[in-house]
Amino acid sequence: MHQRAGSRNVIELHGSMWRMRCQTHGVFEDMGETYRHHTCPHCNAWLRPDITWFGDAMNDQVMKAADDVVSRCDLFVAIGTSAIVWPAAGFPELARDYGAWCVEINPEATELSSLYHETIRLPASEALRQHPFTTILHTLGGTTKQD
Ligand SMILES: [Zn+2]
């Protein structure tokens, strides 16, 4: 979804439904919206979506990339998350520990709401239209340059 909206450098923490992979031979090319292959051309095993299901191990490289980004960000915005699924639920505290301004957008409070500098109790579609994120980023950038 983010890539289709034009976002670059997206870290897919839980993989992508648009890729298929063989348990033995790894990930195949992005299949787009249509799965052209249902079995691995190397071993003929059934392919599965390249996503992390409950019980699957997280991809260490993806987690490291996410930790790196979260620990270096100036603004951390959590949108519509339950804040109960780990390890992603640890990102707000990590961001805050490294000095990010943290904003939660969620109509409901979560267990982690107290970690945020700012909470917005609106649906994401309304909050993102109304919130002055550009102003906050500009302000944070000015603060960073003085440090
Ligand atoms: Zn295979």
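The values are calculated or read from the model by the stated rules, or taken from the named source; none is laboratory data. Keep in mind that this is a model prediction, so the values were computed, not measured. FYI the Cβ positions are ideal-geometry reconstructions off the backbone, even for glycines, and counts take in every protein chain you see.
Points worth noting:
- If the condition is being among the charged types (D, E, K, R) and part of a loop (DSSP other than H, G, I, E, B), then segment 4-24 contributes R4, R8, E12.
- With respect to being of a type outside the set (F, W, Y), in contact (Cβ under 8 Å) with a residue 60 or more places away in the chain and away from the ligand (no atom under 16 Å from the Cβ), D67 falls outside the description.
- The condition (being closer than 30 Å to R19 by Cβ, β-branched (V, I, T) and not assigned by TED's automatic domain parsing to the domain that holds H25) is satisfied by just one residue among V103, V70: V70.
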